Ligand code: 5AD
Ligand code: SF4
């Protein structure tokens, strides 16, 4: 028997790509592939890509350029592009990088084994269909191998919201919810492999309707799996935060007190131009209700500065909203025009103005993040330990608020949840002592 072929997948972009990469490697394992240690010893390299901003897309082309010497040295090496750039650019990728063998979009990667057979004959393969069949029905069952204590689980995919700046409705397609029974089965499989925390994923996860009780119903059912200790979900749209989901933060102990709730802008004019379907006031009221249900919750957000038409006064409305909401975590970006989206047709804001606004916004957000992290010093948090720390002699995990927490080795093992007294806050993480008992 010949040696198994080796696969190297590099994931870019969001957590759903991390989940998809896992499923792709499982699909190709069924076709005889094992994990390579890196690109250098791989027989096939897949870049699972992100198209959200221009920078993300350009990164893929420069990454591909770096693989050229490998391909020159080993012409049998197969190189594929999967994910959102594959969906958006399709055959254009072959034109820009002729050494690419395979281009597969996010909805057709269950066909990887047959596409792989095709490229082994020396042909190229392109599949950017939105197939009628559901890829989840055609992917192999999850692997049985032991794994780390945290996992992502896609429950919803695609988006029907059509924010004017966003490529997701075009790259991931229409909104689709996986039936709750399938999600429960996959969650049980993950738990049987040692998973203690599951993050439910969807581009618009709180619009999930695969359970009669919506996302809240699914969360309540998942909470019934004994060995599952923690549940999270991301990313949510403010106008889909139902009463029952908000109530779940106060009622379901396993639902962690952290919510990523992007607002993008604090200006009603800009929100309207973005087609966000909510005002700044409505967003703030939602946050208020969530905090009433779970007072210690940490809110995280996404922001875009320099959307077409954004004036200094509009931008100041964003700063005011940020001051009012107080974020524990945040991601902020300069607006990047994306071909095919409605906003790409509009006249843009000067890049220097975008830079300056981004700096001002990030100064406030960074201060808020530091304050939230430092407020943990002296408190006791629960930490799920995930892996050895980068510094030897330490083990690291996440608190319920998603802060990284380090303790000295020997105090806790990977997969354990322990109470930790926080005694210091560093640049990106906390450290403390495990409380005995
Ligand atoms: N330009 C800049 N940022 C964008 N995002 C989405 N599309 C764009 C774009 N065209 C940001 C939003 C979103 C996050 C995932 O990426 O803030 O919530
Ligand atoms: Fe990037 Fe959006 Fe695609 Fe995720 S869904 S990979 S964030 S473009």
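The values are calculated or read from the model by the stated rules, or taken from the named source; none is laboratory data. Worth saying up front: this structure is predicted, and the values here are computed from it rather than measured. Cβ: placed from backbone, ideal geometry, glycine included. Neighbour counts: every protein chain shown.
Restricting attention to segment 129-162 and to residues that are part of a loop (DSSP other than H, G, I, E, B) and in contact with a strand residue (DSSP E or B) (Cβ under 7 Å, 6 or more places away or on another chain), the residue that is nearest to ligand 1 (Cβ to nearest atom) turns out to be 158.
Of all the numbered requirements in (1) within 12 Å of ligand 2 (Cβ to nearest atom); (2) surrounded by fewer than 14 Cβ atoms within 10 Å (Cβ to Cβ), residue 53 misses one, and that requirement is (2).
For residue 323, the conditions (1) closer than 19 Å to residue 53 by Cα; (2) over 23 Å from the mean Cα position of the chain (by Cα) are fulfilled apart from (1). Against the numbered list (1) in contact with a helix residue (DSSP H, G or I) (Cβ under 6 Å, 6 or more places away or on another chain); (2) farther than 19 Å from residue 267 by Cα; (3) more than 16 Å from ligand 2 (Cβ to nearest atom), residue 337 comes up short only at (3). When you look at residue 352, is it surrounded by fewer than 16 Cβ atoms within 10 Å (Cβ to Cβ), under 30 Å from residue 306 (Cβ atoms) and modelled with pLDDT of 95 or more, yes or no? So residue 352 fits the description; yes.
Results for (1) more than 14 Å from ligand 2 (Cβ to nearest atom); (2) surrounded by fewer than 16 Cβ atoms within 10 Å (Cβ to Cβ); (3) under 30 Å from residue 341 (Cα atoms); (4) within 25 Å of the chain's Cα centre (by Cα), shown as yes or no for each residue.
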residue	(1), (2), (3), (4)
41	yes, yes, no, no
44	yes, no, no, yes
74	yes, yes, no, no
83	no, no, yes, yes
94	yes, no, yes, no
101	yes, no, yes, no
105	no, no, yes, yes
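Among the residues in segment 66-86, are any in a helix (DSSP H, G or I), touching a strand residue (DSSP E or B) at 6+ places or on another chain (Cβ under 9 Å) and within 16 Å of ligand 1 (Cβ to nearest atom)? Step through it out loud before you land on a result.
Step one: filter segment 66-86 for residues in a helix (DSSP H, G or I), giving 66-73, 84-86.
If we keep only those that are touching a strand residue (DSSP E or B) at 6+ places or on another chain (Cβ under 9 Å) as well, we get 67, 70-71, 84-86.
Within this subset, residues satisfying the condition of being within 16 Å of ligand 1 (Cβ to nearest atom) are 84-85.
Yes, the conditions are met somewhere in segment 66-86.
Only residues that are in a loop (DSSP other than H, G, I, E, B) and either away from ligand 2 (no atom under 14 Å from the Cβ) or farther than 19 Å from residue 237 by Cβ (or both) were counted across segment 163-196, and they come to 7. Summed over segment 15-39, residues that are over 22 Å from the mean Cα position of the chain (by Cα) and within 11 Å of ligand 2 (Cβ to nearest atom) total 0.
Residue-wise test of (1) more than 16 Å from ligand 2 (Cβ to nearest atom); (2) farther than 26 Å from residue 343 by Cβ.
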position	(1), (2)
235	no, no
247	yes, yes
251	yes, yes
269	yes, no
301	no, no
320	yes, no
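Can you work out which of the residues in segment 1-36 that are without any contact (Cβ under 8 Å) to a residue 24 or more places away in the chain and part of a loop (DSSP other than H, G, I, E, B) is farthest from ligand 1 (Cβ to nearest atom)? Restricting to residues being without any contact (Cβ under 8 Å) to a residue 24 or more places away in the chain and part of a loop (DSSP other than H, G, I, E, B), the top hit is 1. Number of residues in segment 358-379 that are under 14 Å from residue 421 (Cα atoms) and within 22 Å of the chain's Cα centre (by Cα) equals 1.
Let me confirm something: among 306, 340, which residue is surrounded by fewer than 16 Cβ atoms within 10 Å (Cβ to Cβ) and under 17 Å from residue 274 (Cβ atoms)? Spell out how you get there, then give the answer.
Values: 306 fails: surrounded by fewer than 16 Cβ atoms within 10 Å (Cβ to Cβ).
Residue meeting the stated conditions: 340.
Residues that are within 16 Å of ligand 1 (Cβ to nearest atom) and assigned to a loop (DSSP other than H, G, I, E, B) were ranked within segment 214-265; the one that is farthest from residue 302 (Cα to Cα) is 241.
Filter the helices (runs of 4 or more DSSP H) completely within segment 272-382 down to those with at least 3 residues that are within 15 Å of ligand 1 (Cβ to nearest atom).
On the way: elements: 280-293, 312-325, 351-374.
By residue number, 312-325, 351-374.
Checking each residue in segment 135-158 for being closer than 13 Å to residue 191 by Cβ, surrounded by fewer than 15 Cβ atoms within 10 Å (Cβ to Cβ) and touching a helix residue (DSSP H, G or I) at 6+ places or on another chain (Cβ under 9 Å) picks out 144, 147.
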